[in-house]
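The values are calculated or read from the model by the stated rules, or taken from the named source; none is laboratory data. From a predicted model like this one, the values you see are computed outputs, not experimental measurements. All Cβ positions, even for glycine, are placed from backbone atoms using ideal geometry, and neighbour counts span all protein chains on display. All accessible areas refer to the heavy atoms of the entire protein, side chains included, with ligands and DNA or RNA removed. Shrake-Rupley method; radii C 1.70, N 1.55, O 1.52, S 1.80 Å.
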Amino acid sequence: MKYAYSFLAVIALILIAWLGSQIPGMQYFFGVAVPYLAIMVFLGGFVYRVVYWAKSPVPFSIQTSCGQAKSLDFIKPNRLECPTTNAEVVARMALEVLTFRSLFRNTKSEIYDGPKITYESSKWLWLFGLMFHYSFLIIVIRHLRLFLNPVPEAIAWLDWADSMFEIGTPAMYMTDAGLLIGLLFLFTRRLFNRQVRFLSLLNDYFPLVLLFAIGVTGVLMRMFLRDGVDINAIKQLAVGLATFSPVISTDIGAIFYIHLFLVCILLIYFPFSKLMHLAGVFLSPTRNMRNNSREVRHINPWNPDIKPHSYAGYEDEFREYMVEAGIPVEKEPTPQKDEA
Amino acid sequence: MYNKTMIITGLVIFVLMVTFPVWYNGLDAGPLPKPELPPGGEKECVASAAFMRDKHMQLLNEWRDDVLRNSDRVTVTVGGKEYRKGLQLACMECHSNKEKFCDSCHDYAAVTPTCWDCHLTPTEAASKKEAH
């Protein structure tokens, strides 16, 4: 049911954009107002979330190490798995961010009669995850050709490389296929892997369906439903948005507004969802800390400021009450005046 | 806030990257492409302007497949006028200036069609003729 709701939500969004953009005058709302709102919510929400995270102290040095820590000179440390310097941490983070190294370690466990349990390396999630993320990155960069005037050579080159198979007209992009295949895998994994299905929530399915719908509407717009897809009118709008002087042409087709509206919903949804792992991966304390707890004492930043209090000081403070209560004291109180 | 320098540097880089089109364009949308209308003054085309804007590339590819792959050279008659299937045989007859017609929009949208890998532009064709 959870995945059905995410489909329903995306279908509702498509209908809103489709019917809404057909109402005269609403093109401005869907083409200008919503994109501006979306980018503001995206940037504001993104900064808010990261600052909110940065306000939480890290109480301990909680890096996870998968290798020998640096200790005695004759024991060889594993510099990548158990980094002790900033450079080593940067190397570990770069591998994590760029190659999803922790997904590469994924294992699958299965129980057989006996009972016997086996663990097997499972690289599918890593492979399709990597394919999806890099396709998405290239697609986002490629879209800059609609926002930049003149278009930098590098982006034209990327566009050429991505469509080098020249399948269909206009030429199909490899990354479009990569994105859709990757998403299809990530979605079916949640349906067919029992453990993952048990853990999956609506907010796991929804972004996958939303991204899939964005990819499909993009491909449809480029390859199949070209009515009203005049690239120059669309680029004029996109460049207009980036230069704060948006001009909207009335005869852009509904498929464009559906695509744009879904992207805007993604941007608005982004900062308040699991998609924030874009920033979160850089802030994972188990990955981005040096494993130097043998050399440096990590002091919990939220420790209250407690002054040292020796026993002698304690006795000085409470000596009279201690004597009164019959508790032995090390230093007898000085005789009081009333004895005299 | 902890690790202020790192967090703020990272956020500034991110925001600058996302808003890159704003810095790059510098609030100047630049000139819009103005494809040159046929110098000969022809008003009729094989299809409406809107259709050609959206789908001319698909039409050209259909023609290419018809002529080169299926050897179907049957001419197309639209509005009493006969057109031979072909970029140079039909399109460039009226839209005779590739640089001022084709390129104006293609440059704007950074599209590099493969037509000219095989075809000669009218200027190139003229210079070849002179050489012989």
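Numbers at a glance
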read-out	value
Cβ-based net charge around residue A:177, under 15 Å, with every Lys or Arg adding one and every Asp or Glu removing one	-1
Rounded Å value of the spacing that divides the Cα centres of segment A:108-152 and segment A:244-276	24
Cβ-defined net charge surrounding residue A:123, 15 Å radius [Lys, Arg +1; Asp, Glu -1]	+3
Rough spin-label spacing in nm, given labels placed 7 Å along Cα→Cβ, for residue A:196 and residue A:181	1.7
Between segment A:219-235 and segment B:1-66, the alpha-carbon center distance in angstrom	11
Neighbourhood charge, 14 Å Cβ-Cβ cut-off, centred on residue A:83 and excluding it, Lys, Arg +1 and Asp, Glu -1	+3
For chain B, accessible area per residue (1.4 Å probe, heavy atoms of protein chains only), Å²	68
Sites residue A:119 and residue A:48, calculated FRET efficiency, Cβ-Cβ separation with R0 35 Å, nearest 0.05	0.30
Max mean-square fluctuation residue, GNM over chain A, Cα-Cα springs under 10 Å, options A:160, A:126, A:302	A:302
Residues whose placed amide H lies under 5 Å from that of residue B:83, excluding near-sequence neighbours	B:76, B:77, B:78
Most mobile of A:312, A:279, A:254 in a GNM of chain A (Cα contacts under 10 Å)	A:312
Modelled FRET efficiency - R0 22 Å, residue B:76 with residue A:23, Cβ distances, 0.05 increments	0.05
Rel. contact order, % - alpha carbon contacts under 8 angstrom, at least six apart, chain A	29
Area buried, chain A against chain B - accessible surface, total, 1.4 angstrom probe, square angstrom	3200
Shape category assigned to segment A:6-119 from the gyration tensor of Cα positions, a/c cut at 1.5	oblate
Most fluctuating residue given options B:18, B:67, B:78, as computed from a GNM of chain B linking Cα atoms under 10 Å	B:18
Interface residues, segment A:124-168 - accessible area loss of 40 Å² or more versus chain alone, probe 1.4 Å	A:145, A:148, A:149
Once the Cα gyration tensor of segment B:1-86 is diagonalised, semi-axes √(5λ) in Å	52, 19, 9
Heavy-atom accessible surface of segment A:2-306: percent carbon and sulfur, 1.4 Å	70
